[in-house]
Amino acid sequence: MKAINSLILVLALIVIAMLGAGALGIEYLFGVIIPYLAVFIFIVGFITKMVGWGKSAVPFRIPTTCGQATKSLPMFKDKWSRLDNPGTKLGTIGRMFLEVVLFRSLFRNTRVELHPGQYIAYSSSKWLWIFALIFHYTFLIIVIRHLRFFTEPIPGVIVFLDQVDSMLQILVPPLFISSALILVALGYLLLRRFFVPSMRYISQPADYVPLFLIISIVVSGMLMRYVGPFKTDLMPVKELAMGLVQFSPTVPEGIGLTFYVHFFLFSVLLMYFPFSKLMHMGGVFLSPTRNLPNDSREKHHPNPWNYPVKLHTYEDYENDFREKMVEADLPVEKPLEEMAEETSENDEKKE
Amino acid sequence: MYNAKYIIPGLIIFALLFTFPFWYNLGAVTYEPVELELPEDFDDCIESTEFMRTEHMKLLDEWRDIYVRDGYQLYWSELKEQYFLMSLTKTCMDCHDNKEDFCDRCHDQTAVDPYCWDCHHTEP
Ligand code: HEM
């Protein structure tokens, strides 16, 4: 049900774009106003969210159990602990880098199996890791390739990426490997939620909506490139895109409706981003189990929100009231005579 | 904010990366739609201009398959009411005899680089 509702939501977005840009003919809204608004909401929303997270309490260092801290007993020789449980800043940078670039935590994903006789076994499961990796990298490549619409002259890297990506030379215009792969990866990520009972149980609309949204963006893009009636002329698309980034927006004639659907879904994705789980893009950099070196035994970490307390130690207290305490027969740590001697010694020194 | 010395530079990098198209084109001349050099002796392409703009690659692909695999050579154009030889060089490039000022103008703007010219001539 949650999946169906999410699908209906995304389909409704497609219908909105088709009605708005197609039937009603308000292309300016869908081609200029909404995209500008989307970029604004995305950037401001992203920064606000990150600053908000930056203001919340940073927990105590969390040593992860994957390895021993760098400074440990000599019998622990595991050199990977420098990355799994680093005690230094450099090691932490290494751990963060591998986390962001290779999704090392996902690599540890395990599967629980119930064997006959009520045995529970955990085995390694790399599928999520490999498909997540494929999804994120193909998405990145597609976004970089799309910059061909937003740059003039087009940087050589983008042209090169285009050629490498289409090197299979099947179909005309040639199939991009990245757009085929992203569909496979998205398919896995979606079917996983449908068919794994535990995943299905915890999946919320907030999990389905981004998936359906991205799948629809990819499918509309591929329709626009490969499939007859959906094809669009790219020259006015470039004119519109360049108009947007050079702040002289125009809505040229001759852009197909598929483009407006594609562009509107993309704008919605941008607007939805700061409020959704997609914020893990920024959030991964703030994961406390990953970005804090395990050095609590070497360094003192004062609580940063400690209130500056006025101290009056017992020593000071006794100094203030020693004579009265001795008079009242209360035990004191330093007897009066000692005090007297000390003061007289000090007096002598002064002389 | 805690760890501002890491978070603020990170956010600046984020903002710079995601506004790349906005500052990359700063200082460049305002984008003008391409001007193509069209054949002077004719008014129309072999199909309607809108069709050619979006479908010329599909058309060429079909021509190639039909010519090479099925052995037919002629294409009937409803628009022009005449037959054309299904040939990249002998038909398209006969009218559009200036690849640089026609095909390439569009293709350069969209990072399209058809590999056809590895084998095919640009002039009949
Ligand atoms: C989240 C961002 C986006 C994603 C994931 C995405 C995805 C795709 C995919 C997978 C394709 C198929 C062909 C290819 O891989 O190039 C495509 C095509 C296309 N996209 Fe996007 N897109 C995005 C944003 C945009 C934006 C902002 C524009 C506005 C200019 C745009 C305009 C187009 C056009 C015109 C095509 C057809 C390209 C062709 O015919 O060669 N897309 N898109």
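The values are calculated or read from the model by the stated rules, or taken from the named source; none is laboratory data. Note that the coordinates shown come from a computational prediction; the quantities given were computed from them, not determined experimentally. Heads up, the Cβs are rebuilt from the backbone with ideal geometry, glycines too, and the neighbour counts pull from every protein chain shown.
Pairs are defined by a Cβ separation below 8 Å, a sequence spacing of at least 6 or placement on different chains, a first member in region A:292-304 that is of a type outside the set (Val, Ile, Thr), and a second member that is not in a loop (DSSP other than H, G, I, E, B); the pairs so defined are A:Leu292/A:Thr92; A:Pro293/A:Lys89; A:Pro293/A:Gly91; A:Pro293/A:Thr92.
Within region B:21-39, the set of residues being facing chain A (nearest Cβ under 7 Å) and touching a helix residue (DSSP H, G or I) at 6+ places or on another chain (Cβ under 9 Å) comprises B:Pro21, B:Phe22, B:Tyr24, B:Asn25, B:Thr30, B:Tyr31, B:Pro33, B:Val34.
Does B:Asp104 satisfy being closer than 21 Å to A:Met235 by Cβ, away from chain A (no Cβ under 12 Å) and in contact with a Lys or Arg (Cβ under 8 Å, 6 or more places away or on another chain)?
Here the answer is no, as B:Asp104 does not meet what is asked.
Here's the yes/no breakdown for (1) modelled with pLDDT of 95 or more; (2) assigned by TED's automatic domain parsing to the domain that holds A:Leu147; (3) in contact with an Asp or Glu (Cβ under 7 Å, 6 or more places away or on another chain); (4) within 20 Å of A:Val15 (Cα to Cα):
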{"site": "A:Ile177", "(1), (2), (3), (4)": "yes, yes, yes, no"}
{"site": "A:Leu183", "(1), (2), (3), (4)": "yes, yes, no, no"}
{"site": "A:Pro197", "(1), (2), (3), (4)": "no, yes, no, no"}
{"site": "A:Leu211", "(1), (2), (3), (4)": "yes, yes, no, yes"}
{"site": "A:Ser220", "(1), (2), (3), (4)": "yes, yes, no, yes"}
{"site": "A:Tyr226", "(1), (2), (3), (4)": "no, yes, no, no"}
{"site": "A:Asp233", "(1), (2), (3), (4)": "no, yes, no, no"}
{"site": "A:Phe247", "(1), (2), (3), (4)": "no, yes, no, no"}
{"site": "A:Val251", "(1), (2), (3), (4)": "no, yes, yes, no"}
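Cβ-Cβ contacts under 7 Å between residues 6 or more apart (or on different chains), taken from a first residue in region A:22-43 that is closer than 14 Å to B:Phe18 by Cβ and touching a residue at least 12 places away in the same chain (Cβ under 8 Å) to a second residue that is of a type in the set (S, T, N, Q) and part of a helix (DSSP H, G or I), are listed as A:Pro35/A:Ser267; A:Ala38/A:Ser267. Number of residues in region B:40-52 that are in a loop (DSSP other than H, G, I, E, B), within 14 Å of chain A (Cβ to nearest Cβ) and out of contact with any strand residue (DSSP E or B) (no Cβ under 8 Å at 6 or more places or on another chain) equals 2. State yes or no: is A:Leu161 more than 9 Å from the ligand (Cβ to nearest atom), surrounded by 14 or more Cβ atoms within 10 Å (Cβ to Cβ), hydrophobic (A, V, I, L, M, F, W, C) and in a loop (DSSP other than H, G, I, E, B)? In short, no.
Looking across A:Ile120, A:Ile144, one residue alone is assigned by TED's automatic domain parsing to the domain that holds A:Ile215 and within 22 Å of the chain's Cα centre (by Cα). It is A:Ile144.
Inside region A:135-149, residues that are crowded, with 18+ Cβ neighbours inside 10 Å and not aromatic (Phe, Trp, Tyr) make up a count of 6. Only residues that are facing chain B (nearest Cβ under 7 Å), near the ligand (Cβ under 8 Å from one of its atoms) and in a helix (DSSP H, G or I) were counted across region A:219-237, and they come to 1. Only one of the numbered conditions (1) touching a residue at least 60 places away in the same chain (Cβ under 8 Å); (2) over 27 Å from A:Ser198 (Cα atoms); (3) not acidic (Asp, Glu) is violated by A:Ile141, and that is (1). Within region A:133-158, the set of residues being more than 11 Å from the ligand (Cβ to nearest atom) and among the aliphatic types (A, V, I, L, M) comprises A:Leu133, A:Ile134, A:Ile154, A:Val157, A:Ile158. Among (1) over 27 Å from A:Tyr188 (Cα atoms); (2) acidic (Asp, Glu); (3) more than 16 Å from the ligand (Cβ to nearest atom), where does A:Asp207 come up short? Tallying (1) over 27 Å from A:Tyr188 (Cα atoms); (2) acidic (Asp, Glu); (3) more than 16 Å from the ligand (Cβ to nearest atom), A:Asp207 fails exactly one: (1). Here is the figure for region A:164-179: residues that are surrounded by 15 or more Cβ atoms within 10 Å (Cβ to Cβ) and outside any loop (DSSP other than H, G, I, E, B) total 4. When region A:256-289 is limited to residues that are among the hydrophobic types (A, V, I, L, M, F, W, C) and more than 16 Å from the ligand (Cβ to nearest atom), the one that is nearest to the other protein chains (Cβ to nearest Cβ) turns out to be A:Phe285. Restricting attention to region B:77-103, the residues that are out of contact with any strand residue (DSSP E or B) (no Cβ under 6 Å at 6 or more places or on another chain), surrounded by fewer than 17 Cβ atoms within 10 Å (Cβ to Cβ) and free of Cβ contacts under 8 Å to residues at least 24 places away in the same chain add up to 5.
On the given criteria, is A:Ser296 away from the ligand (no atom under 11 Å from the Cβ) and either touching a strand residue (DSSP E or B) at 6+ places or on another chain (Cβ under 6 Å) or not assigned by TED's automatic domain parsing to the domain that holds A:Gly25 (or both)?
yes
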